[in-house]
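See structure below.
The values are calculated or read from the model by the stated rules, or taken from the named source; none is laboratory data. What you see is a predicted model; the values in this text were computed from it and never measured. We place every Cβ from the backbone using ideal geometry, glycine too, and count neighbours over all the protein chains shown.
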Ligand SMILES: [Zn+2]
């Protein structure tokens, strides 16, 4: 990231993790509803109805928003139609670790989906790896996915672990999102705490695991994650809306590489990593009231948050040998920020200004893999207006096909 029009120059990369780019057309379809309605009546019907073209358009729209906030690399947490996502990422000029949504068990899934066998799940991901890994000038990598523990057999978990080792790639999995998940694991997997305890017991935890959210963990489990070198993606807005206060300070203190993510549009609505930096800082300072009995403004200082967005993001996607910091020999992924605006001046401390003052609108240009992908706020490789109109059409058709009706709350003129 560079400050332009200013003698202060700060060189950093911008990476972030844990999105769901295929969910962008579902922005606003599940606001202010309970978690079961969210999943069973909005998200699963949306996902099980979408086409590859929908996934492509969704990823284009998501990518445009990401680039505007200075993101050069993202990790998809596991979605539908990876080939559609890959086509969009290649065109946009972004970098991404793409993952298929993988489930081989679970209750209440849409009947149209049909249950996939464990073998199907592994096979399909190996085919995607074969087809897309290291494509788009090396900007696309294929990861393996585990949607979450309640939708996975033990065999799927272990075979995924082994396949990832064989392919030398990572695993992206939602971990310990809600207390209910931990309770189901205690009841069905016969462990005394929850998902992380169970994953440790079956020897699943490895340093190529990116654990999304990871909110409901105890001290022992933080120890397990730290010892195994597991990376954690903290998505502050989504956590506040759906999951709870993650123990970020404790995880960072235990040496865990924690990065920042936006989560998908139906869980957050805003795909701006700039907003997430600000939120991460505030939420984790405020959380100290509950953890320590008093606020602590020194918790998660600006430099920590900036590291979470940059080098920790790169470590989370196992790419820190090439991205995550400006160094000789690394890829040219750069963001230009114009701080001369009403929301950023005066700049006395550029790192704190980046975290506490910067808005998405201050990001003016982005380079990924040595190529400009946004210049003077203009997205270069796709026509932004055209994508917006395609997205509006595709989303309303998709909702109609899926039978998703959003109740109207009040008359809006
Ligand atoms: Zn998520």
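Per-structure values
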| quantity | calculated |
| --- | --- |
| Residue in the stretch 153-169 that is buried (at least 21 other Cβ atoms within 10 Å of the Cβ), over 22 Å from residue 203 (Cβ atoms) and modelled with pLDDT of 95 or more present | no |
| Unique match (being at pLDDT below 95 and more than 17 Å from residue 76 (Cα to Cα)) among 247, 241, 227, 206 | 241 |
| Residue list for the stretch 63-105, filter: more than 12 Å from the chain's Cα centre (by Cα) and either within 16 Å of the ligand (Cβ to nearest atom) or part of a strand (DSSP E or B) (or both) | 80, 85, 95, 100, 101, 102, 103 |
| Qualifying residue in the stretch 220-238 (condition: out of contact with any strand residue (DSSP E or B) (no Cβ under 9 Å at 6 or more places or on another chain) and within 16 Å of the ligand (Cβ to nearest atom)) | no |
| Some residue of the stretch 353-366 being at pLDDT 95 or above, in contact with a strand residue (DSSP E or B) (Cβ under 7 Å, 6 or more places away or on another chain) and closer than 30 Å to residue 145 by Cα | yes |
| Entirely in the stretch 251-325, the helices (runs of 4 or more DSSP H) that have 3 or more residues that are in contact with a strand residue (DSSP E or B) (Cβ under 8 Å, 6 or more places away or on another chain) and within 20 Å of residue 361 (Cβ to Cβ) | 273-286 |
| Matching residues, the stretch 17-56, being over 23 Å from residue 210 (Cα atoms) and not in a helix (DSSP H, G or I) | 27, 28, 29, 30, 31, 32, 33, 34, 50, 51 |
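Listed here are the residues, each with its yes/no results for (1) surrounded by 22 or more Cβ atoms within 10 Å (Cβ to Cβ); (2) in contact (Cβ under 8 Å) with a residue 24 or more places away in the chain; (3) within 16 Å of the ligand (Cβ to nearest atom).
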position	(1), (2), (3)
249	no, yes, no
262	yes, yes, yes
268	yes, yes, yes
276	yes, yes, yes
300	yes, yes, no
329	no, no, no
336	no, yes, no
